[in-house]
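The block underneath contains the structure these notes are about, expressed in structure tokens.
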Amino acid sequence: MLVKTSKLLFSLVFFFNSIFLFSQDQTDAQKEINALFQKVNLNRRSTDSIKKFATQILKISENNKLPVSQIRALSLLGVTENRKRNFQKSIVFFYKGKSLAKKHKQIKAFYGLLNNIALNHMHTSYADSATYYFKKLEKHYVLEKDFIAANMARMNMGANYYLANHLDSSLYYFKKSVQGFKAQKNTTSRMPIKNFIASNFNRISDIYILKKDYQKTVAYADSSLRIAKEINFKPTIPQSYNLLARAYKHLGNKELSDQFYALEKTAKNGARINPNNAMTIISGNTRSRVAKNNDLNDRLNEKDQKKEFLKSGLFIVLLVLFIVLIFGFIILKNYRTNRKELDKLQEELEEFNNQHTIQKPTDNFIHLKSKAVINTNEILYLKSDGHYVEIYMRNKNNPEIERSSLTEILTLLPPKDFIRIHRSFIVNIHTIKIINATQLMLENGIWIKLSRTYKQQLKEILNKK
């Protein structure tokens with residue numbers, strides 16, 4: 001439910017922003033663009049239609065040098081690709097729109113696209129980069145005193161940590177978001193603030209049941225239920241009943257537990273709950289999914305299965321949980337070790353790039369066999385493709401092609417600025433924004449593989465500098 005709610009909010013907020021019409025003082029090109037935006041509005045349920053109209057808008061905008069329309073068209077194309085689950089194409093459109101918004105000082109559009117990028121990364125499990133962007137959004141909206149947007153960024157940050165099973169961090173941001181929304185309770189904004197509060201209370205309750213703090217589970221689920229009933233916010237009501245039922249079961253109050261299970265069933269229109277359908281109503285958090293499915297199986301088996309079968313099922317559950325705990329312990333231990341190493345490497349990268357910015361690098365040109373002359377400061381990365389090397393540059397859609405090898409071309413590049421990070425890739429160190437265990441993210445949002453062999457060389461360069 002968390003993922004579906006976030007995606008719906010993401011699509012709606014952006015979609016209605018994208019179809020907003022421009023001023024009345026219009027050129028012919030602008031009139032044509034506005035007519036296309038109206039067609040987008042009329043066909044908003046058809047992804048193919050939106051993509052077709054957005055492509056036309058982008059072409060007209062580029063030909064007539066209308067950057068605001070370009071930005072909105074790129075945003076629409078990013079949303080349509082996201083709906084089709086073409087996440088790589090989606091992120092490319094969002095990054096192009098963000099770069100254009102920054103160039104033309106369209107601040108609201110810039111941060112709207114940054115939010116779309118963050119949500120895209122969150123739903124594709126790039127938790128590190130999603131966290132990076134959500135923190136930038138929170139900081140910006142606090143400075144702008146747009147506290148509702150800041151609280152939404154905190155809520156999304158909580159969701160990001162929740163999906164990654166970092167429950168303490170998730171709890172911190174959900175509570176911070178709730179405090180912020182409560183402070184806005186007298187606002188004239190049309191944003192559904194109580195909906196957000198009810199939803200966040202529900203998520204906090206879910207976290208506490210995973211932490212086995214059942215008294216707090218009851219307190220927050222009850223608060224969520226009270227607000228949801230007050231505003232008739234139906235999505236959280238059955239979930240709150242389920243949390244209350246499970247919490248009271250753990251507290252040993254079977255009577256109350258059975259009552260809330262019955263209310264949950266009524267809230268779902270009396271439909272029988274089964275494991276196959278349960279997947280559509282649970283959150284994307286792995287631990288929460290396991291806990292809810294286990295609880296669901298217990299209830300389904302309670303009346304129908306014999307005692308011997310229950311014992312056998314219990315043994316299987318315990319065995320699975322034991323294996324999960326062992327793997328969880330190993331993964332957690334490795335994660336903490338790698339996290340410390342990556343945090344240190346990220347700090348060294350930021351310090352290295354800050355020094356580079358202060359020193360104002362001079363232009364450095366190289367001459368290729370193809371007779372092309374390239375300023376190395378404009379290079380993002382180089383990729384090996386058989387007997388050729390593709391050179392990707394800033395502000396260019398297509399790469400320069402050179403018949404050479406990475407080893408040969410590396411000798412032409414300034415060693416203080418370029419490093420080989422994989423047998424197929426060389427990158428400009430100053431374009432690296434995020435480093436994780438196996439990949440690098442460059443300033444244009446592209447992720448490139450980082451091999452263990454070359455990772456040590458990168459550490460040594462950053463540490464030395």
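See the values below:
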read-out	value
Net charge dipole size for region 38-142 [Lys, Arg +1 and Asp, Glu -1 on Cβ; Debye, nearest 20]	260 debye
Mean Cβ neighbour count within 10 Å, used as a protection proxy, ranking 348-355, 324-331 highest first	348-355, 324-331
FRET efficiency estimate (nearest 0.05) - Cβ-Cβ, residue 88 to residue 46, R0 22 angstrom	0.45
Solvent exposure of region 360-462 as accessible area per residue, Å², 1.4 Å probe	53 Å²
Heavy atoms of residue 176: accessible area, 1.4 Å probe, square angstrom to 10	60 Å²
Accessible-area ranking of 68, 389, 320, largest first, probe 1.4 Å	320, 68, 389
Inter-label distance, nm, simple model (7 Å from Cα along the C-beta direction), residue 258/residue 316	2.7 nm
Heavy-atom accessible surface of region 421-462: percent carbon and sulfur, 1.4 Å	45 percent
Point-charge dipole on Cβ atoms (K/R +1, D/E -1) for region 349-438, about Cα centre, debye to 20	120 debye
Where region 160-256 is the region considered: accessible area per residue in Å², 1.4 Å probe	48 Å²
Exposure of residue 214 as accessible area (Å², to 10), given a probe of 1.4 Å and all protein chains	40 Å²
Segment residue 146-residue 372, extension gain: residue separation times 0.36 nm, minus the distance between their alpha carbons	76.5 nm
Accessible carbon and sulfur surface of region 377-419 relative to its total accessible area, %, 1.4 Å	48 percent
Contour minus Cα-Cα distance for residue 211 and residue 327 (0.36 nm per residue)	39.9 nm
Stretch gain in nm, segment residue 347-residue 183, where the contour uses 0.36 nm per residue and the Cα spacing is subtracted	55.6 nm
Carbon plus sulfur fraction of accessible area for region 28-72, probe 1.4 Å, in percent	43 percent
J(HN,Hα) series, region 414-425, from Karplus relation 6.51 cos²θ - 1.76 cosθ + 1.60, nearest Hz, glycine and proline x	x, x, 6, 10, 10, 8, 7, 10, 6, 4, 10, 9
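The values are calculated or read from the model by the stated rules, or taken from the named source; none is laboratory data. This is a predicted model, so every value here is computed, not measured. All Cβ positions, glycine included, derive from the backbone under ideal geometry; neighbour counts span all protein chains shown. Protein only, heavy atoms only, side chains kept; ligands, DNA and RNA dropped before computing areas. Shrake-Rupley method; radii C 1.70, N 1.55, O 1.52, S 1.80 Å.
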